[in-house]
1. Going through segment A:144-157 one residue at a time, which ones are within 14 Å of another protein chain (Cβ to nearest Cβ) and out of contact with any strand residue (DSSP E or B) (no Cβ under 6 Å at 6 or more places or on another chain)?
2. Could you name every one of the helices (runs of 4 or more DSSP H) located completely within segment A:13-130 that has at least 3 residues being within 13 Å of chain C (Cβ to nearest Cβ) and under 20 Å from residue A:184 (Cβ atoms)?
3. I need the helices (runs of 4 or more DSSP H) fully contained in segment B:18-136, keeping only those with at least 1 residues that are over 21 Å from residue B:147 (Cβ atoms) and more than 14 Å from every other protein chain (Cβ to nearest Cβ).
4. Let me spell it out: the conditions are (1) within 30 Å of residue C:31 (Cα to Cα); (2) facing chain B (nearest Cβ under 10 Å); (3) surrounded by fewer than 18 Cβ atoms within 10 Å (Cβ to Cβ), and residue C:220 meets all of them except one. Which number is the exception?
5. If residue A:14 satisfies all but one of (1) crowded, with 19+ Cβ neighbours inside 10 Å; (2) at pLDDT 90 or above; (3) touching a strand residue (DSSP E or B) at 6+ places or on another chain (Cβ under 7 Å), what's the number of the condition it fails?
6. Here's a check for you: in segment C:79-109, which residue that is more than 11 Å from chain B (Cβ to nearest Cβ) and surrounded by 17 or more Cβ atoms within 10 Å (Cβ to Cβ) is farthest from residue B:233 (Cα to Cα)?
7. Mind listing whichever residues of segment B:197-237 are surrounded by 21 or more Cβ atoms within 10 Å (Cβ to Cβ) and out of contact with any helix residue (DSSP H, G or I) (no Cβ under 6 Å at 6 or more places or on another chain)?
8. Residues of segment A:55-72 being free of Cβ contacts under 8 Å to residues at least 40 places away in the same chain and surrounded by 18 or more Cβ atoms within 10 Å (Cβ to Cβ), which ones?
């Protein structure tokens, strides 16, 4: 999908990272346009978390740059918000949910009433209206993750980065939360970068899927997902092009695991293959 | 995850040597001693002696042998009261912990007794027993026995009810049940109780020796202070500190050993 | 399962029994050291309900609250600073452990020499003893903040003020409370010991005076007061902890 000359909201430019002797990320590059839903998929242990920490400037990188709207970032920027995998350890148990959501807003000069209002609005956006008085441990896993998402939304970020956010919930809740993210993207126009090991989820949600694999990890393929913006858990997932994309990506991951690249089948639209 | 923001002080591969604990800790101690020496020599600390004076005093009391009598008095009082506390504590604690009814009847009273500072008995004990070694032993025992009782109770209560029923259904005798079931379960707790009571016994022994006064290192601190031998007083104070560290370190080590093989996952009591 | 009033019956049985035994065993007592309980209780109500409270109970409580209060403020502030700077905390650890295990009573003669006899000395000694459990526990609690919370705070660019007061300290509060419990016990002991050696008012002083004058019932009454105070302070702390750490209990249920 060709865009105007506007810079991509989030750009990773040749990111490399080693831990001691061990090289984890090698020359990882990709970009996310405004309002795009980008899914990064790869097997466990590939370095997805390392990449995510690099993107959110929580972790340092050895070489390369992360750019927001064209400008390099070295510390967590205001335009970016992160939703972590372990919701039970990312919400403060000594605060009610409403206060949890207001916490990042305290740095801005905003009257308390406005903060509270933003918090309630964010809770409405994720379907947790009236939950502001609850404590996190009074809610189910799915609700807690929604609260974490609400905290990110209240922050009004341009980009949301999500680290396997639905890995710890049951299948039904996962489906609900996936649809919630699609809804948030279309209503609020947030750019979303979601890291996952679940290929099905990646293809279902993404406008494009970035395949991260190999040791050290790099982008082995960037796959466009031309399934339109209107997605449905049943309908979309039974479409032949969906299934084909899923299969292709699956093969790519298997192949790079055994060090050979597959031939791109005719139906998939490849926009680039990274170096390996 | 190696990029976790919390600081880890074991040396990661690329960290410089000065960051490791083994260099930093002695460095801090030496720096503080130097600071003390400097401040005291220029008279900035009033009557406080320099570390060199204190070290000299320490060497003197060891060389002249004046240290041994108070030291042995303190240590023997400590050891005696500790052993009494352990024996009585375990013997009393076990049945209280093993029986639900006994526990419910006694727990409130025990909690109450635990909060009474044993030193409150000093005036009474001194009236009855004078200022001899018996007084300090009695006071330390009374102070420390509660810790052992409570920990033994926790240990006895921690016995797995299923295992207990199994023993009962196989008609295992009382003696064997205690030996093979209660004791192993309670051992880590008792180890914790021993550590706590060892610390309490030392603390109360020295305190009683100062306050009554009743010999040992405690009274030496008083005597040297009244006699103006300030460097020696500091030496005795530091000696008490060293004893405190040794007792806590060694019994803590024992406790960790006892906890290590126990299959349950418990935290060490504060 | 057990109704609310009955819950208090069983635990109260033993104390009532013990008091009864004490009463009857000491009724006709001629021992000077163990006067009849009836006499002791009579003195108790004469003196401590509430005649002597301002003169002796208040100063003792003041020493404890001041000493413990200063220890809490100092201990938590320093503990947070050191806990957030793990390198410094580890480097200082041996020194802190030594100071913690040094019996503060050993410093009492020195304190009397340097500061004299008075509440200043008593509060100082209490702080010198009660500071360490809070300080060390706070350092411990701060250092064991879950890394995930650190990530959340950093990625959301939480202000330092909010970080310390709304995240670090609450997260460490279970450990801090454990430290305060230990410090309370130390404070009571040091208050008493310092009053035995250098005071003109306070429960310790009262008990000592009564002993010197061989007024045993008075002395016993003072001991009972101290026992009640020690217990009451512990209960108060327990109640505060119960409410302050409710979130901690419930989030682990």
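The values are calculated or read from the model by the stated rules, or taken from the named source; none is laboratory data. In this text the structure is predicted, and so the values were computed from the model without any measurement. Note that we place each Cβ from the backbone using ideal geometry, even for glycine, and neighbour counts take in every protein chain shown.
1. So in segment A:144-157, the residues within 14 Å of another protein chain (Cβ to nearest Cβ) come out as A:144-145, A:147-157.
Within segment A:144-157, A:144, A:145, A:147, A:150, A:151, A:153, A:154, A:156 meet the criteria.
2. Values: elements: A:48-55, A:97-102, A:112-125.
The qualifying helices (runs of 4 or more DSSP H) are A:97-102.
3. On the way: elements: B:21-41, B:51-63, B:68-98, B:100-115, B:122-129.
Those helices (runs of 4 or more DSSP H) span B:21-41, B:51-63, B:68-98.
4. (3)
5. (1) is the only condition that residue A:14 fails.
6. Start the filter on segment C:79-109 by keeping residues that are more than 11 Å from chain B (Cβ to nearest Cβ), which leaves C:79-82.
Among the residues that remain, those that are also surrounded by 17 or more Cβ atoms within 10 Å (Cβ to Cβ) are: C:79-80, C:82.
Values: C:79: 30, C:80: 34, C:82: 31 Å.
This residue is C:80.
7. Once the filter is applied, which keeps residues that are surrounded by 21 or more Cβ atoms within 10 Å (Cβ to Cβ) and out of contact with any helix residue (DSSP H, G or I) (no Cβ under 6 Å at 6 or more places or on another chain), segment B:197-237 yields only B:203.
8. Result: A:57, A:58.
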